[in-house]
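Encoded as structure tokens, the structure appears first; notes follow it.
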Amino acid sequence: MTAVKSIAVLTSGGDSQGMNAAVRSVVRSALYHGLEVYGVQRGYQGLLNNDLRPMDLRSVGDIIQRGGTILQTARCKEFLTPEGQQRGADILRERGVDGLVVIGGDGSYQGANKLSKLGIKTMGLPGTIDNDIPFTDYTIGFDTAVSIVVDAINKLRDTMTSHERSSVVEVMGRHCGDIALYAGLASGAETILVPEVPFDLDLVARRMQENFLSGKRHSIILVAEGVGSGEDIAQGITQRNGIEPRVTVLGHIQRGGSPTHNDRILASQLGDFAVRKLMEGDSGKACGIINNELVVTDIDKVVHTKKPFNMDMYNLASRLSL
């Protein structure tokens, strides 16, 4: 017997490619199992506004290929308070919602954790391009964001090679450098700067100069925003070696566009998995994928754990960037 008869789904925090695919999976899986489904508009703010709308098969038609989120997303300061959290839980009970699927990043997970402690059955899906959620190898949107960065670097290399110039590329990642790391390795960036690894700008500048003198007249320096701005890095390099790199800040373009097939598949797997776990009576869990196996982890543990950085991959990128 199912432990739930009615569920709601919301997207919260920064959008990521594949959120729509996850929403689609949650809705269609729930309907397949005979459950009622509600979509919460604009995240936790919409929850506090009691903006829950019934969803059917057609509600999620033709969205698997679309970026962003049809449910929209918004910040909600009120939900950070105990009073706001209690009000959210009360609204879900009043609407007869037995379970809630939250798609988002760390802040979204913290909200789901608070609702879980207030007795709401919750499941978290890792929807963020940063790949900074622990207990899952990948987050929904990460693969697409990396692909966008790699494509941009490919284009920059063409023009940088033609003009014998170097380029500093700033990508997203305030606390997690995975976008810079994976994109840097995949695109052959000469230097990758991430918040997890201390760096010496003197060494970066000296290496660029040595490469220039040896005949390598262009290079790509990939900078995660948590390290500092691309402009500051470029100015620091110029002050040290006289080379003037051009700066490209990719910004929110990394969040847009159609999700890759990997993100669509991951989102579809996790959405269905979350519904089935709620039906089995699970609650207060975060869904993820580790070594191609779907897993659940206590969401309280997830929000209090920092995801380890892949130093092996970082060292590999360093060895290959001669």
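Screening ILE289 on (1) more than 21 Å from ASP130 (Cβ to Cβ); (2) in a strand (DSSP E or B) shows it passes everything except condition (1). Residues satisfying the criterion are present in segment 140-160 (criterion: over 30 Å from ALA234 (Cα atoms) and buried (at least 19 other Cβ atoms within 10 Å of the Cβ)).
In this structure, does LEU71 turn out to be assigned to a helix (DSSP H, G or I) and out of contact with any Pro (no Cβ under 8 Å at 6 or more places or on another chain)? I'd like the intermediate steps shown before the answer.
Numbers: assigned to a helix (DSSP H, G or I): no; out of contact with any Pro (no Cβ under 8 Å at 6 or more places or on another chain): yes.
Here the answer is no, as LEU71 does not meet what is asked.
Screening segment 241-269 for residues that are over 13 Å from TYR138 (Cβ atoms) and under 13 Å from the mean Cα position of the chain (by Cα) and picking the one that is surrounded by the most Cβ atoms within 10 Å (Cβ to Cβ) gives GLN254.
So is TYR32 in contact (Cβ under 8 Å) with a residue 40 or more places away in the chain and among the hydroxyl-bearing types (Ser, Thr, Tyr) or not? Steps first, please.
Details: in contact (Cβ under 8 Å) with a residue 40 or more places away in the chain: no; among the hydroxyl-bearing types (Ser, Thr, Tyr): yes.
Considered against the rule, which asks whether it is in contact (Cβ under 8 Å) with a residue 40 or more places away in the chain and among the hydroxyl-bearing types (Ser, Thr, Tyr), TYR32 comes out as no.
The conditions are (1) more than 21 Å from LEU316 (Cα to Cα); (2) under 25 Å from the mean Cα position of the chain (by Cα); (3) assigned to a helix (DSSP H, G or I), and GLY226 fails exactly one of them. Which is it? Just one mismatch for GLY226, condition (3).
Would you check if ILE179 is modelled with pLDDT of 95 or more, within 14 Å of ARG246 (Cβ to Cβ), among the hydrophobic types (A, V, I, L, M, F, W, C) and surrounded by 14 or more Cβ atoms within 10 Å (Cβ to Cβ)? Before you say what the answer is, go through the steps one by one.
Details: modelled with pLDDT of 95 or more: yes; within 14 Å of ARG246 (Cβ to Cβ): no; among the hydrophobic types (A, V, I, L, M, F, W, C): yes; surrounded by 14 or more Cβ atoms within 10 Å (Cβ to Cβ): yes.
Against the criterion (modelled with pLDDT of 95 or more, within 14 Å of ARG246 (Cβ to Cβ), among the hydrophobic types (A, V, I, L, M, F, W, C) and surrounded by 14 or more Cβ atoms within 10 Å (Cβ to Cβ)), ILE179 does not qualify.
The single residue among LEU125, LEU181 that is within 13 Å of VAL223 (Cβ to Cβ), under 20 Å from the mean Cα position of the chain (by Cα) and touching a residue at least 12 places away in the same chain (Cβ under 8 Å) turns out to be LEU181. I'd like to check something: does segment 277-298 contain any residue that is farther than 18 Å from ALA22 by Cα, among the hydrophobic types (A, V, I, L, M, F, W, C), crowded, with 19+ Cβ neighbours inside 10 Å and modelled with pLDDT of 95 or more? Within segment 277-298 (the criterion being farther than 18 Å from ALA22 by Cα, among the hydrophobic types (A, V, I, L, M, F, W, C), crowded, with 19+ Cβ neighbours inside 10 Å and modelled with pLDDT of 95 or more), the answer is no, since none of the residues qualifies.
To keep it simple, each residue is scored yes or no on (1) part of a helix (DSSP H, G or I); (2) in contact with a Phe, Trp or Tyr (Cβ under 9 Å, 6 or more places away or on another chain); (3) under 21 Å from ALA317 (Cα atoms).
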| site | (1), (2), (3) |
| --- | --- |
| VAL197 | no, yes, yes |
| ARG206 | yes, no, yes |
| GLU210 | yes, no, yes |
| ILE221 | no, no, yes |
| ILE233 | yes, no, yes |
| ILE243 | no, yes, no |
| ILE265 | yes, no, no |
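The values are calculated or read from the model by the stated rules, or taken from the named source; none is laboratory data. These numbers come from a predicted model, not from an experiment. Counting neighbours? That spans all protein chains shown, and the Cβs are built from the backbone with ideal geometry, glycine included.
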